[in-house]
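Notes follow the structure.
Just so it is clear, none of the values below were taken in a lab; they were calculated from the coordinates. Remember, predicted model here, so these are calculated numbers, not experimental data.
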């Protein structure tokens, strides 16, 4: 994201995640606020992923989608994930870190994969 306030909010979320883990009370509100910045910047993919993310956290009180595998995918139906031992906090931080640089094609590809994973979960 190009908005300085959005980047600062992502950093604040990271700090809170490091200090308190997935605290749904503040985390969901922060992700909703971040989604507002994505709406302002007209990034529909990120808007959708952020909405699905906070809905997932509301439902499960955690973020159980693992970090994606680095290997390229051959088929969209075969979404590979790796690092099953990573924590929900690490998994969530990875998704939010993708939002920091939307000019990176790899980040966009990963956001598309997360969108599919969150929708199917």
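For segment 4-120, the relative contact order is 27 percent, taking Cα pairs closer than 8 Å that sit 6 or more residues apart in sequence and dividing their mean separation by the residue count. The Cα-based radius of gyration and maximum Cα-Cα distance (Dmax) for the chain are 13.5, 39 Å.
Only helical DSSP H runs with n ≥ 4 go in: add -39500 (n - 2.57) per run for the chain, normalise by residue count and round the 222 nm mean residue ellipticity to 500 deg cm²/dmol. Spell out each step's value before the answer.
Values: 5 runs with 78 residues, N = 121.
Using -39500 (n - 2.57) per qualifying helix, the result is -21500 deg cm²/dmol.
Gain on full extension, evaluated as 0.36 nm per residue between residue 2 and residue 33 minus their Cα-Cα distance, stands at 9.6 nm. Between the alpha-carbon centres of segment 37-52 and segment 95-121 there is a gap of 11 Å.
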